[in-house]
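Here it is, the structure in full.
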Amino acid sequence: MAEKVPQPPTKSSRCWLARGAIAVVWLWNLSAAIPMTLWPARYAPGFELSGVVGATLTRSLGLLFLMWLVPYAPALFDPVRYRVCVGVIVAQQMIGLAGELWLLWSLPPGHAALRATAWRFIAFDAAGLVLLALAWRWSRDQGSL
């Protein structure tokens, strides 16, 4: 009996792998955007904010997350065809991660809530960057594997 030789992933399977990676990050973003938009007072203390100002600024962050998700729609639909959108979301993720690291490093001592919030965002964005970089790789044309 002949031994089966592993085959390289097909365009279809690579497309589904890319979609899966993109979908995970999209869902993570939604899991932050929706609650921050609908119930901002619950999340404002993590930014050392309170009251109307805290709720408004936190809701604004939730809305920014929703805006951030726009290029995910075509990328999820067809990451090979709309690979430029995959590139955009990878770039967004890199900017977000770099910015969060900069914000964390620039915090003076004594801001435990902000530090904890920053670390949560950094962990999320680092994991998201790995997944989106994989999606970028998987969305390449078959001939460029």
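In contact with an Asp or Glu (Cβ under 7 Å, 6 or more places away or on another chain), among the polar types (S, T, N, Q), at pLDDT 95 or above and closer than 26 Å to Gly46 by Cβ - does that describe any residue in the range 106-127?
So in the range 106-127, the residues in contact with an Asp or Glu (Cβ under 7 Å, 6 or more places away or on another chain) come out as 111, 113-114, 118, 121-122, 125.
Adding the requirement that they be among the polar types (S, T, N, Q) leaves none.
No: the range 106-127 contains no residue that is in contact with an Asp or Glu (Cβ under 7 Å, 6 or more places away or on another chain), among the polar types (S, T, N, Q), at pLDDT 95 or above and closer than 26 Å to Gly46 by Cβ.
Matching residues to (1) at pLDDT 95 or above; (2) surrounded by 15 or more Cβ atoms within 10 Å (Cβ to Cβ):
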| site | (1), (2) |
| --- | --- |
| Leu63 | yes, no |
| Arg81 | no, no |
| Cys85 | yes, yes |
| Leu132 | yes, yes |
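Moving on to the next point. Working only within the range 19-46, note down all residues that are over 30 Å from Asp78 (Cβ atoms) and buried (at least 18 other Cβ atoms within 10 Å of the Cβ). First the steps, then the outcome.
Let us first name the residues in the range 19-46 that are over 30 Å from Asp78 (Cβ atoms), namely 38-46.
Result: Pro40, Tyr43, Ala44.
Against the condition at pLDDT 95 or above and not basic (Lys, Arg), how does Ala2 come out, does it pass?
Numbers: at pLDDT 95 or above: no; not basic (Lys, Arg): yes.
No; evaluated as a whole, the condition is false for this residue.
The values are calculated or read from the model by the stated rules, or taken from the named source; none is laboratory data. Note that the structure is predicted; figures quoted are calculated from it, not measured. Positions of Cβ are generated from backbone atoms using ideal geometry, with glycine treated the same way; all protein chains shown enter the neighbour counts.
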